[in-house]
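Visitor: First, the structure itself, so that you have it in front of you.
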Amino acid sequence: IIKNNGQVYTYPDGKSGMATCEMCGMVGVRDAFYSKTKRFCSVSCSRSYSSNSKKASILARLQGKPPTKKAKVLQKHPLVAKLAAYAQYQATLQNQAKTKAAVSMEGFSWGNYINSNSFIAAPVTCFKHAPMGTCWGDISENVRVEVPNTDCSLPTKVFWIAGIVKLAGYNALLRYEGFENDPGLDFWCNVCGSDIHPVGWCAASGKPLVPPRTIQHKYTNWKAFLVKRLTGAKTLPPDFSQKVSESMQYPFKPCMRVEVVDKRHLCRTRVAVVESVIGGRLRLVYEESEDRTDDFWCHMHSPLIHHIGWSRSIGHRFKRSDITKKQDGHFDTPPHLFAKVKEVDQSGEWFKEGMKLEAIDPLNLSTICVATIRKVLADGFLMIGIDGSEAADGSDWFCYHATSPSIFPVGFCEINMIELTPPRGYTKLPFKWFDYLRETGSIAAPVKLFNKDVPNHGFRVGMKLEAVDLMEPRLICVATVTRIIHRLLRIHFDGWEEEYDQWVDCESPDLYPVGWCQLTGYQLQPPASQSSRESQSG
């Protein structure tokens, strides 16, 4: 008897038999089920569960409840209950949007998180698109800065010199000069913040340098002490704060119109308008959204946005807007502001319709799947479909450029020991490309046509960063690099199961240094399990 409770059943000979989809409740042969865990009958159920589970956890935080690692509201309930929970979440979200309340960040501090676990953060120089990413210079441990002295009883704001003990992205652990090896008053500070200055700033600005009260008794001649300590020491460049503010100027402005992927039909683009810009990230509102809530978040360098007229120029599907004339104040974004793609020569040997390859599934970024080129567009763009899960009308094809780091030649996963997701319903497992190509009468796309550039990116396994959850791109989360394959990074969201991991390129504009959210005023999502632990202990 098959009971609908998510259990896996076995045949008398011990082989795994039936399974129940945890999202829709469908019972089927376990081997035909999707993903390694066989918990879902299809990609869409896996994605819905993933998205809903994350949403329910966020909802719990919004309502002030400690979230669980897996959102209980959505587990092993009938579909009706799941839909009700999701409807309730949507209603709460709309109320939140009205009051602009943010997810509580109480209790999470990058400094405590890094210190208590001895974590290492990816250096700012790994993120060329982020503020100061290309002009960070040699800011490192032992660099001296002038900062407010908080260990002081004077009524006015005074400063003292501190040295960098440890760097974590934009954040530095600082120790006041004179404390030697005593970490008692160490504190974390964002290097790009307005209260950090190069040595010499106080003298130039007429601000007093006053030693901390705890160590005032140690020396009688503090001036001689500082001269001795600072001779030959490094500090920030004099124009550092100017460079920070220049690197935080963004050319995209509200009211600019762009073409962006339609989040409900990846095969086409739509017109959207820039609503706001935060740290180079754009909140785009689809042009036909009357209440301005149908939105899409992406970085200004994202490959998903293009100038008006792009779709027509390369032969990409486009959803015409019902709005016939531009609304007042809206204007087309100048084409030169968009990320440039490499020029390619399509005249010689090139990708052809029907060729097979491996591709990151844009609907489930934790998987690399068997895929097919469905259409060759102009300027090096390709429409790609995931084998075994395509809609007959091609509505779930998606566009990647030929140089995209998200597509790979046949055999890439096997060579790099990554699990390749076979076509849904394909029964000849383990999957073998040689057999599959023969059975389908197709050929593999030539290896030489793929992008083989691997930049010296500087990421290492275990490094911490802030990463966009590309399944819910308004969220930026505490994350870790868990695997590196050439230029491909496996991003894990701290506190979440591995099935939510995402494969992301090392130069993706959706990855940021530790401290980016604080610097730009964006909301950071803390690790799922930790936020509940800390809110309970706090």
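The values are calculated or read from the model by the stated rules, or taken from the named source; none is laboratory data. This one's a predicted model, so the numbers in the text were calculated from it and none came from an experiment. Glycine also receives a Cβ, built like all others from the backbone with ideal geometry; neighbour counts cover every protein chain displayed. Just the protein is used for accessible areas: all its heavy atoms, side chains included, with ligands, DNA and RNA removed. Shrake-Rupley method; radii C 1.70, N 1.55, O 1.52, S 1.80 Å.
Visitor: Looking at the stretch 267-288 only, could you name the residues that are open to solvent by less than 20 Å² (accessible area, probe 1.4 Å), of a type in the set (Val, Ile, Thr) and closer than 14 Å to residue 250 by Cβ?
Guide: 274
Visitor: Looking at (1) open to solvent by 50 Å² or more (accessible area, probe 1.4 Å); (2) touching a residue at least 60 places away in the same chain (Cβ under 8 Å); (3) not assigned by the TED database to the domain that holds residue 149, which is the one condition that is false for residue 244?
Guide: It fails just one condition, (1).
Visitor: Since residue 433 meets every condition but one in (1) without any contact (Cβ under 8 Å) to a residue 12 or more places away in the chain; (2) aromatic (Phe, Trp, Tyr); (3) touching a strand residue (DSSP E or B) at 6+ places or on another chain (Cβ under 9 Å), which condition does it not meet?
Guide: The one condition residue 433 does not meet is (1).
Visitor: Further, regarding this structure: Considering (1) at pLDDT 95 or above; (2) assigned to a strand (DSSP E or B), say which one residue 254 fails and leave the rest.
Guide: Status for residue 254: all satisfied but (2).
Visitor: Follow-up question, since we're still on this one. If I filter the stretch 363-410 down to residues being among the acidic types (Asp, Glu) and surrounded by fewer than 17 Cβ atoms within 10 Å (Cβ to Cβ), which single residue comes out as farthest from residue 497 (Cα to Cα)? Lay out the reasoning, then the answer.
Guide: Residues of the stretch 363-410 that are among the acidic types (Asp, Glu), as a first pass: 379, 387, 390, 393, 396.
Those left that are additionally surrounded by fewer than 17 Cβ atoms within 10 Å (Cβ to Cβ): 379, 393.
Working: 379: 39, 393: 34 Å.
Once the filter is applied, the top-ranked residue is 379.
Visitor: For the stretch 372-478, list the strands (runs of 3 or more DSSP E) that sit wholly inside it and hold at least 2 residues that are farther than 22 Å from residue 353 by Cα; which are they?
Guide: By residue number, 463-468.
Visitor: Only one of these conditions is not met by residue 319: (1) open to solvent by 20 Å² or more (accessible area, probe 1.4 Å); (2) outside the structural domain of residue 265 (by the TED database). Which number is it?
Guide: With (1) open to solvent by 20 Å² or more (accessible area, probe 1.4 Å); (2) outside the structural domain of residue 265 (by the TED database) applied to residue 319, the lone miss is (2).
One line per residue, one yes/no per condition, for (1) modelled with pLDDT of 95 or more; (2) in a loop (DSSP other than H, G, I, E, B); (3) under 32 Å from the mean Cα position of the chain (by Cα); (4) not polar (S, T, N, Q):
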| site | (1), (2), (3), (4) |
| --- | --- |
| 336 | yes, no, yes, yes |
| 344 | no, yes, yes, yes |
| 354 | yes, yes, yes, yes |
| 358 | yes, no, yes, yes |
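Visitor: Determine, yes or no, whether residue 403 is more than 30 Å from residue 281 (Cα to Cα) and of a type in the set (Ser, Thr, Tyr).
Guide: So residue 403 fails the test.
Visitor: Filter the stretch 153-178 for residues that are part of a loop (DSSP other than H, G, I, E, B) and crowded, with 19+ Cβ neighbours inside 10 Å and give the result.
Guide: Within the stretch 153-178, 169, 170, 177, 178 qualify.
Visitor: Sticking with this one: Can you name the residue in the stretch 111-145 that is open to solvent by 40 Å² or more (accessible area, probe 1.4 Å) and of a type in the set (D, E, K, R) and is also nearest to residue 227 (Cα to Cα) among such residues?
Guide: Applying the filter and picking the extreme gives 141.
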